[in-house]
1. Between L524 and K724, how many nm apart are label points set 7 Å from Cα along the C-beta direction?
2. Tell me, in nm to one decimal, what length is gained between Q492 and V460 on full extension, where the rule is 0.36 nm per residue of separation less the Cα-Cα distance?
3. Counting other beta carbons within 10 Å of each residue's own, what order do K86, K67 fall into, fewest first?
4. Would you kindly state how much longer the chain becomes between L256 and F746 on full extension, computed as 0.36 nm times their sequence separation minus their alpha carbon distance, in nm to one decimal?
5. Could you name the aspartates and glutamates whose alpha carbon sits less than 13 Å from that of K561, not counting residues in the same chain fewer than 8 places away?
6. Please give, to one decimal in nm, the separation of the simple spin-label points placed at S659 and A207, each 7 Å out from Cα toward the Cβ.
7. Points 7 angstrom from Cα along the Cβ direction at D153 and D414: gap in nanometres?
8. Would you mind checking the pairs K761/K859; K212/K343; K212/K491; K108/K172; K515/K544 and listing those with alpha carbons more than 25 angstrom apart?
Amino acid sequence: MSSVSKTIPISSPYHTHKTTSNYAKKSHNRFIFFKQPRRTCLLHSTVCVSPSFTNTTHSVTQNQNAKINKFCEMGDLRNAIELLTKSKSYELGLNSYCSVLQLCAEKKSLEDGKRVHSVIISNGISVDEALGAKLVFMYVNCGDLVQGRKIFDKIMNDKVFLWNLLMSEYAKIGNFRESVSLFKKMQKLGVVGNCYTFTCVLKCFAALGKVKECKRVHGYVLKLGFGSNTAVVNSLIAAYFKFGGVESAHNLFDELSEPDVVSWNSMINGCVVNGFSGNGLEIFIQMLILGVEVDLTTLVSVLVACANIGNLSLGRALHGFGVKACFSEEVVFSNTLLDMYSKCGNLNGATEVFVKMGDTTIVSWTSIIAAYVREGLYSDAIGLFDEMQSKGVRPDIYTVTSIVHACACSSSLDKGRDVHSYVIKNGMGSNLPVTNALINMYAKCGSVEEARLVFSKIPVKDIVSWNTMIGGYSQNLLPNEALELFLDMQKQFKPDDITMACVLPACAGLAALDKGREIHGHILRRGYFSDLHVACALVDMYAKCGLLVLAQLLFDMIPKKDLISWTVMIAGYGMHGFGNEAISTFNEMRIAGIEPDESSFSAILNACSHSGLLNEGWKFFNSMRNECGVEPKLEHYACVVDLLARMGNLSKAYKFIESMPIKPDTTIWGVLLSGCRIHHDVKLAEKVAEHIFELEPDNTRYYVVLANVYAEAEKWEEVKKLRKRMQKRGFKQNPGCSWIEVGGKFNIFVAGNSKHPQAKKIDVLLSKLTMQMQNEDYSSMFRYVLINEDDMEKEMIQCGHSEKSAMAFGILNLPPGRTVRVSKNRRVCGDCHEMGKFMSKTTKMEIVLRDSNRFHHFKDGLCSCRDAFIAAMAGFDESRESASSIGCFLDSKFHFCQCLPLIMRMDS
């Protein structure tokens with residue numbers, strides 16, 4: 001009998017126009033494999049039956065093969081395989097093997113497919129290109145890509161669809177490099193790709209970030225004539241958007257004669273992803289005008305655009321459209337809706353969507369938690385996190401990051417630690433966004449040690465890690481540590497604008513003017529001043545380092561000021577004692593259309609307090625609630641009490657505290673106690689102290705203030721009793737310290753410590769100045785001592801005050817004409833205040849002393865604070881005290897001329 005040959009017609013989706021259309025509709029943003037019809041085989045080929053088959057009768061062969069094919073047509077895999085395994089090898093045609101392998105692939109039955117493969121091997125059937133292709137398809141479709149690749153490498157045929165199959169499968173599992181490797185091998189062997197080849201490889205190159213390769217494929221596509229193929233052009237559009245080539249993507253889209261819905265979706269999504277949400281909405285509107293059918297992908301992309309630009313009205317309309325189009329059952333639609341409502345500030349809408357969702361995923365929970373965090377409802381967000389876990393939903397890195405942020409903002413340290421434990425147990429500790437969020441949480445909760453521990457365990461830190469830790473030190477008033485870490489960071493990373501905004505507060509905290517100037521130079525060279533956060537940090541730094549004129553110059557250079565920048569400048573004027581300038585700036589802010597918040601009112605009330613502007617202070621306090629709808633908090637009440645106390649209205653201040661709608665804390669009572677000290681009201685001081693000791697019985701600071709009240713009233717027995725009480729409770733007051741920066745180095749002085757290298761020179765200068773003060777009858781300098789000792793002992797104790805030593809060191813080591821800049825960790829005492837005035841008068845040097853409360857500019861024997869310690873007692877004329885301009889105590893020309901060389905150096 002002659003050899004029988006059979007032709008097996010195959011319909012492949014890789015070759016038909018109809019499938020191309022389907023691919024264009026379904027392949028957007030993902031790789032798909034095309035399922036073959038059950039009744040067809042995979043290969044377009046003519047298969048010659050082996051001569052061994054001719055040894056059987058034609059009728060028997062037809063009967064067996066027909067039965068197997070019939071079972072396959074019915075989808076009866078069990079009987080098909082049973083008949084295949086029982087049949088003799090000569091009874092089976094090649095199409096029977098192919099049909100059964102096809103059915104195994106469709107049913108994804110790898111075990112049965114392996115049995116068929118075993119039968120093929122045992123029957124001695126040669127695995128040629130046709131049968132090999134079917135085996136590859138079976139293995140790949142059943143999930144065994146490794147075995148499928150082994151067979152593919154053995155046959156290496158020129159059928160492009162088989163190459164596409166493997167490329168698509170590798171891309172589907174994220175192995176884009178192997179997919180690209182196959183494409184390059186395919187080119188070397190001369191196998192010409194089709195539209196599916198280029199669609200797949202373009203997505204792989206885009207995922208790998210290979211922009212040059214994408215452009216080469218673009219040229220290759222045009223050369224082969226696929227430049228008008230919609231599916232290929234759609235992939236090119238997506239690739240160019242991936243690399244930020246918005247204009248190139250637009251040009252490709254405009255050249256399409258018949259863009260499909262995938263083309264429109266690619267354009268909308270590409271614009272949204274690249275930050276052009278408004279353009280994405282315009283394209284969507286154009287799509288509607290042209291009558292292009294909208295699908296789920298369209299709605300999702302447009303909802304993201306609405307979320308980005310806050311277009312709630314359009315988002316609501318799309319919500320209604322989606323419900324009518326029956327998309328509300330789609331989880332991705334509900335999740336995107338939830339996110340849109342959240343980002344548009346409509347928490348009720350977000351909650352309603354979440355409640356109505358049938359199936360909630362981790363994305364749904366993360367979105368609703370983020371919505372509550374965004375609205376500042378941190379406790380509710382933490383509650384949702386607990387509820388989510390109780391329902392068996394496991395948090396992912398995005399959920400964890402959101403809840404850690406909630407813990408940071410609500411100072412929920414214990415909950416933050418619990419989340420940290422979850423992170424460690426579930427292997428998330430190596431995720432940088434999570435660890436950075438943990439550093440931020442610990443820092444904001446005040447646990448800097450734990451923040452540093454997390455930071456130290458990060459094997460490969462990014463710039464966010466460094467910035468977060470530096471900012472954490474600055475926030476927690478650890479400027480030395482912040483500056484040290486900043487130096488370490490520079491060995492590995494170049495600081496960015498966020499680094500500058502994080503480290504400048506450290507310079508401000510230390511009054512490290514030289515370091516601040518150095519950073520300013522870096523900012524100018526890098527062009528970071530255009531960043532508003534950096535500009536505000538610079539203004540704040542110069543204000544807190546005593547260069548108020550330069551702070552004002554930089555403030556004026558900010559083109560578009562926000563609330564923070566205005567508040568920084570108002571606070572700067574206030575801490576230097578220029579209340580009228582602070583008020584003018586506050587009014588300018590209101591005229592500019594920016595409404596004040598809690599921080600702004602704190603700044604202006606402090607400014608009024610430091611400048612003795614009682615009427616103005618009352619006016620601002622009353623306008624908070626009545627005009628601006630800002631509810632006063634403890635810090636605002638403290639400002640009013642301080643203002644009243646400084647002006648001698650102690651009884652009014654006491655009544656004001658009693659009438660407060662919120663319970664006063666020790667800070668407010670402490671402000672009044674300081675006022676009692678200034679005005680020598682011993683009885684009220686004792687009454688106020690009772691309130692303080694009831695709230696904080698172990699706070700050393702207020703015992704010292706009360707002791708000073710007794711000492712200044714010469715009630716030495718009461719001083720001794722109070723000191724014994726302090727000793728009995730084991731109180732030890734932390735020594736006051738002052739520091740001064742000279743030549744880029746900090747010199748620190750602690751009260752009573754005489755170990756400084758220049759201690760003798762400093763003592764000689766202070767003794768000389770003290771004698772001169774006595775000769776000029778500066779009798780007030782002896783009023784601030786805690787025990788009744790003779791005058792010589794008093795002088796020794798007073799000369800040990802740290803700010804005196806620091807000011808003397810500056811006078812000895814700075815050239816004539818330079819400003820002596822000293823900082824102190826406590827409020828300056830009256831003795832040192834008098835000494836500062838006298839030093840400035842005697843040495844003709846300007847001295848700027850920053851204590852824990854404000855600045856004191858000493859010049860020609862005067863102070864910018866207008867002698868706040870004495871003025872209220874002596875009944876000075878308030879109008880004479882009010883400085884109308886900075887020039888009252890600061891020579892503006894001198895400061896401006898001093899700043900010009902600095903600015904020129906930094907520009908160079």
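1. That separation, rounded to one decimal, is 6.3 nm.
2. Details: separation 32, 0.36 × 32 = 11.52 nm, distance 1.07 nm.
Difference between extended and current length: 10.4 nm.
3. Values: K86 9, K67 16.
Lowest to highest Cβ neighbour count: K86, K67.
4. 169.6 nm
5. D531, E588, E595
6. That separation, rounded to one decimal, is 7.1 nm.
7. For D153 paired with D414, the spin-label model returns 5.9 nm.
8. Correct reply: K212/K343; K212/K491.
The numbers here are math on the coordinates, done by the rules we state, and not lab data. Quantities reported herein were computed from a predicted structural model and do not represent experimental measurements. Counting neighbours? That spans all protein chains shown, and the Cβs are built from the backbone with ideal geometry, glycine included.
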